[in-house]
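Written out below as structure tokens is the structure these notes cover.
Nothing in this text is a laboratory measurement; each read-out follows from the coordinates by a stated rule. All values reported here derive from a predicted model rather than from experimental measurement. A quick note on method: Cβ atoms are made from the backbone with ideal geometry, for glycine too, and the neighbour counts reach across all protein chains shown.
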There are 4 protein chains.
Amino acid sequence: MTSTVTYQPTENELRYTFGGGPAVAEIKPGSLLVTSTQDCFGGAVLTVDDLPSKVCQAFNPVTGPFHVAGAEPGDTLALHFAAITPARDWGMSATFPHFGALTGTHTTAMLHPPIEERVWRYTIDTAADTVTYHARRSDHTIVMPLEPMLGTVGVAPGGGEARATIVPDAHGGNLDTPEIRPGVTVYLGVNVPGALFAIGDGHARQGQGEVCGVAVETAMNVTIAVDLIKGVTTPRPRIETDHRIISIGAARPLEDAYRISQHDLVTWTAQLTGLELLDAYQLVSQAGRAAPGNVCDPLYTMHAALTKAVLAGASPYGGVHQRLRHIAEPTR
Amino acid sequence: MTSTVTYQPTENELRYTFGGGPAVAEIKPGSLLVTSTQDCFGGAVLTVDDLPSKVCQAFNPVTGPFHVAGAEPGDTLALHFAAITPARDWGMSATFPHFGALTGTHTTAMLHPPIEERVWRYTIDTAADTVTYHARRSDHTIVMPLEPMLGTVGVAPGGGEARATIVPDAHGGNLDTPEIRPGVTVYLGVNVPGALFAIGDGHARQGQGEVCGVAVETAMNVTIAVDLIKGVTTPRPRIETDHRIISIGAARPLEDAYRISQHDLVTWTAQLTGLELLDAYQLVSQAGRAAPGNVCDPLYTMHAALTKAVLAGASPYGGVHQRLRHIAEPTR
Amino acid sequence: MTSTVTYQPTENELRYTFGGGPAVAEIKPGSLLVTSTQDCFGGAVLTVDDLPSKVCQAFNPVTGPFHVAGAEPGDTLALHFAAITPARDWGMSATFPHFGALTGTHTTAMLHPPIEERVWRYTIDTAADTVTYHARRSDHTIVMPLEPMLGTVGVAPGGGEARATIVPDAHGGNLDTPEIRPGVTVYLGVNVPGALFAIGDGHARQGQGEVCGVAVETAMNVTIAVDLIKGVTTPRPRIETDHRIISIGAARPLEDAYRISQHDLVTWTAQLTGLELLDAYQLVSQAGRAAPGNVCDPLYTMHAALTKAVLAGASPYGGVHQRLRHIAEPTR
Amino acid sequence: MTSTVTYQPTENELRYTFGGGPAVAEIKPGSLLVTSTQDCFGGAVLTVDDLPSKVCQAFNPVTGPFHVAGAEPGDTLALHFAAITPARDWGMSATFPHFGALTGTHTTAMLHPPIEERVWRYTIDTAADTVTYHARRSDHTIVMPLEPMLGTVGVAPGGGEARATIVPDAHGGNLDTPEIRPGVTVYLGVNVPGALFAIGDGHARQGQGEVCGVAVETAMNVTIAVDLIKGVTTPRPRIETDHRIISIGAARPLEDAYRISQHDLVTWTAQLTGLELLDAYQLVSQAGRAAPGNVCDPLYTMHAALTKAVLAGASPYGGVHQRLRHIAEPTR
């Protein structure tokens, strides 16, 4: 029988870095974690009049970190997302000063005044599986599919570092990719004893690249099946779905995020299939898929994906995705 | 009744620049063009022993340019691709010295010797709709869907420029996006009298980003319904499908290709729907899709796409896509 | 005795591309060319009320192209700038919509409205060797050294291309580096018969990177000693001064301009000194200098420089710089 | 009379992050600090046979952090470098796998095998003020000027972050700019109580951009006059010399490091002189200097500099540079 850890954070327990603080709970490999996440505004943006730059002290709180029993540097953590469900019937988005892809920022520094800060409130209908947009300067209302995801999933980085939760990198973090949705398994290399993973930043849906810098932000109820793959390293965040394997790169400029993700996918494919390296490079060149996660965070992210149809039956990480799917099944 | 221009180029008639040469034929708006394209190697790579750096004098020949009657700077050319069909039962791919995303190049200059130049020969089966990969260093054979497309579609640039056909930019050119497939309409701003459009670089299929720099290259038979939208400018290449509108950016670094494409999609959406600009920015942030075309050419390309479901029935360019689709129907 | 070609262009003879047009004059290797250049505004900006976007039809006219007798692809053209002297006692600068490093542009596309277009008029005093800045919104007047240079020096590109004169690349063009000053020799690889070099875009002075996108633009009187090095290729623009060798890279992102320039400097140093490649890499790492030319043009430029003190007496291109300096001496 | 703190770290006291650990000593504003730094290899590379990837466990140790009495977020720390003197008569450099500007790296990920790891040992002669290079594959010996500098100077970042000492950013860190030399004052914004500054990574000399990724690394004896400017923020690292003001940007791609540094220099110049913002932009465009510090670290750095001659007598930070220079004078 599967053991379950239930943890609901209080506001004071939310964290703003990966690394740098003690665990909130311990989880044994093979267990389920039932928890929840606050939105990226810490719940402080309730109406279109709550400008984030005025009402928020910090951004992107995460739930955790969780200590995984037995996890050591050199292992791989597997997090299977059994459920990611909006905990509210509304979500918020915004433009934010000097943030987003189509505005000058503190790094792409420009002499323009910031673009107007504006807030949008979305209606979320979990029964109908919809997210509804309401324009601010006209009467347009547009219904879109509900596609819940978590923007931020990561472990503590190594080398004594502590990174703001807004940052994506090799330790995971603010990957902001719609690929982290219910039913997938995320793989993260362990850098410190216990792995110390944390999650947050739920999105009711998100465009690819998150062009204005903010998705449809909402609190989420999350169920995760947790496992540990001993003695197997994972250099960069990876995702497995029923049908695809996915590598994620985080870097600037964006082509380096592309390079990292494709490089990892090529070498992973070579390892899984036995294809020689350039033969795998060629295969990915014709069969590979790619898309941006965010083009606004401190590092940009892209994913590289390959259908399992071309993997000749290879089973990543010894079939852990299928096993966790099975453990998670009763919870769906 | 629709008039049809048929043009089959001889080897000597192929061109290697957009701009800089006279038209090969004139086409009236509302006509069909039935033509063909050579592969990016000019047909010189026939076996895995034909290394492109040895057997090719030039790369990426195009068929054209075609003079469109009445086209003037400030107009928009609409090219509806009724058919893009492999003209052979084989296609070639390769790694090429100092070319591709995972190797040092002449611009991302490095001290490494070039990666091995290697050629792959694919089998194309148009009846089964498949492309088959054959590994070079093992016995792997992998069957993938046939997804024919044209890598290169463009018009003459303005200002007296002539650009190598390997280059994508505002005039189109080597966009290398799988979105230019049968059934879509490509929109290009006209820069010179007659537009002088040309096409080439057929791919039996291509991964997103074309990571090794070369797709499954093959000759194509192509049928295009050609039209002209007078007095309407189009700043960057756009595509319309039955279900989506798409903007294409070409730039380095890759985030600028993303920015160009998203900026065009946001402003186009605002114009089509009547949404105020930031309201359109917000909508695209949640509903938009994005992917790289190439991350290897002199400029990288990305596309930004939006489902027509969120456009509230707006009809781009006065419905020309539907009209051309109708003209093209009998030819499918 | 040195033969001299004198050529003063009329307004109609100015060109706006490298490549794509016939030569205006022929020059024999070993000759002097006495000519002049118009400013980047074509002389149309005379007062601070002449906004370039209103009064200019085109930008960056060049004088030429000049056909160099006997020049063939595979040769190197050597242009020794004996004199670059302001032809006026005033120069103009400006901010320009969507142009410059600290503003959104058509490629770094943003939703901001353009920054204000504003013109500054500088006083040039060739007797005192000064350029004087006059603030537009206050009474500040600031005197700076006169440091005349040419922003644009190039040859026709190969492959049938014609490039706008605003573009820098392997053919030279709008390099916008203060290193092209009186007393230096510029080396350019020849791509077409006759080389077809042209010059323009004089600056009374310029900051490194030309951050607002426009220098102190003025017309120049120019004297060049022209020579040809047969059978020696030069892949990218190079400069030789009495004390330094310099390689120039043009690319985006800026690190690629850095890479190109440093790569060329490392390989050139290895060739000149006999140092093994990584030994040359190490030497340049400790002794090399680097700076941006422009961070605003279609491609950014950086130069890499090395003092001849570390070259152990090696003489680039067989001593052509010293010979041309000698030829040019009487003209100074 | 000036009080002096003397601190010589043991090997165990060296740190590898900014932030995340307690101070090693407290310093009162107006005091002198006499200390020393280990080289970036932790002193483990002694001969050309000591490959860093084999003999080093960690890289870039710093001395500190030092707690500055009374420093609070919102203040500016001023560090005047009275002396930076090599503590040895030798220095080491190296190529390192997947590190440097002309090689594939873990972020500019490529399929090439790493470039050869090789070590160079330099002779340092402080009496003659020289650094001598010895080639590894030939007999070349080249003498260069000794130009001691510190590559790494920073404070603890805010927000609970701890950053590896290899990283440069707004908190300073591994800036790797030759501008941090004896006689200059470095300004850093304070993010945490006590500022917690640390220093390290001495270079006997360094090329601009540090192209191979490693300078002439050596231990240093360092004397610093420390001061605190209450209630004045400094967004990014700045440097003041007797003749220039300098802003430093750290970012990828390199143009963003350029943008940050130029943006800070423009706004700083406007503030110091009273020039309106675009007038300051124009002035910097013609008078500004720029150069890369590193083009190899996790973030690249560039500096933007302006001669004080154009500042009309303005005195940055109320003249603290002159005061600290005076305090430091007896120690030179």
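Couple of notes before you dig in:
- Taking the Cα centre of the protein assembly as shown as reference, the dipole from Cβ charges on Lys and Arg (+1) and Asp and Glu (-1) amounts to some 0 debye.
- For the range A:11-116, size of Cβ-based charge dipole, Lys and Arg +1, Asp and Glu -1, in debye: 100 debye
- Considering only A:Ser247, A:Ser315, A:Ser261, the mean-square fluctuation computed in a Gaussian network model of chain A, springs between alpha carbons under 10 angstrom, is largest for A:Ser315.
- Per the Kirkwood formula applied to alpha carbons, chain C shows a radius of gyration over Rh ratio, Rg over Rh, of 0.96.
- Around the amide H of D:Gly274, modelled in the peptide plane, lies no amide H under 5 Å away from a residue 5 or more places distant or on another chain.
- CD proxy at 222 nm, helix term only [per DSSP H run n ≥ 4: -39500 (n - 2.57); per residue of chain C; nearest 500]: -4000 deg cm²/dmol
- Taking amide H as placed 1.01 Å from N in the peptide plane, the amide H of A:Ser36 sits under 5 Å from that of A:Val222, each at least 5 places away or on another chain.
- Counting from the shortest, the label point at D:Ala87, 7 Å from Cα toward Cβ, is 5.1, 6.2, 7.3 nm from the same position in each remaining copy.
- Using a 7 Å Cα-to-Cβ projection, C:Thr130 label spacings across copies, nm, ascending: 4.3, 7.3, 8.2
- Taking the charge dipole of the range A:41-119 about its Cα centre, with +1 at Lys and Arg Cβ atoms and -1 at Asp and Glu Cβ atoms, the residue from A:Ile115, A:Gly64, A:Ala94 reaching farthest to the positive side is A:Ile115.
- Euclidean distance of C-alpha centroids, the range D:196-272 and the range C:191-206, integer Å: 36 Å
- Inter-part distance where the range B:17-80 and the range C:108-186 are each reduced to a Cα centre, Å: 38 Å
- Build a GNM of chain D with springs between Cα atoms under 10 Å apart, and of D:Ile239, D:Ile115, D:Ile180 the one that fluctuates most is D:Ile115.
- The phi torsions of the range C:121-131, fed into the Karplus equation with coefficients 6.51, -1.76 and 1.60 and a -60° offset, translate into couplings of 10, 9, 9, 10, 10, 6, 5, 8, 6, 10, 10 Hz, rounded to whole numbers, with Gly and Pro shown as x.
- Distances between equivalent label points of C:Val5 across the copies, with each point positioned 7 Å along Cα→Cβ, amount to 4.0, 6.9, 7.9 nm, shortest listed first.
- Within straight-line cross-link reach of D:Lys28, aspartates and glutamates at Cα separation under 12 Å, skipping those fewer than 8 residues along the same chain: D:Asp227
- When you restrict to C-alpha pairs under 8 Å that are six or more residues apart and normalise by the size of the range B:210-281, the relative contact order lands at 15 percent.
- Charge-dipole axis of the range B:4-331 as Lys and Arg at +1 and Asp and Glu at -1 on Cβ define it, positive-most pick from B:Gly313, B:Val284, B:Pro178: B:Gly313
- 20 Å-binned pair-distance histogram of the protein assembly as shown (Cα, whole percent): 11, 39, 39, 11, 0, 0
- Where chain C is rotated onto chain A, the residue of C whose Cβ comes nearest the axis, and that gap in whole Å, is C:His112, 2.
- Over the range A:163-226: Rg over Rh, Cα atoms, Kirkwood Rh: 0.95
- The range D:135-285 - charge dipole about Cα centre, Lys and Arg +1 at Cβ, Asp and Glu -1, debye rounded to 20: 220 debye
- Our coupling estimate for the range C:217-223, obtained by passing each phi through the Karplus curve with A = 6.51, B = -1.76, C = 1.60 and θ = phi - 60°, is 7, 7, 6, 10, 9, 10, 10 Hz, Gly and Pro reported as x.
- Unit charges at the beta carbon, dipole of the range A:213-332: most positive-side option, A:Gly231, A:Asn294, A:Ala304: A:Gly231
- Using θ = phi - 60° and Karplus 6.51 cos²θ - 1.76 cosθ + 1.60, couplings along the range A:312-317 (whole Hz; Gly, Pro as x): 6, x, 5, 10, x, 6
- For the range D:166-310, the C-alpha radius of gyration sits at 1.03 times the compact-globule guess of 2.2 N^0.38 Å, with N the residue count.
- Partners for D:Lys54 among lysines (Cα-Cα distance below 27 Å; same-chain residues under 8 apart left out): A:Lys230
- C-alpha center-to-center spacing [the range C:290-319, the range B:294-332] in angstrom: 47 Å
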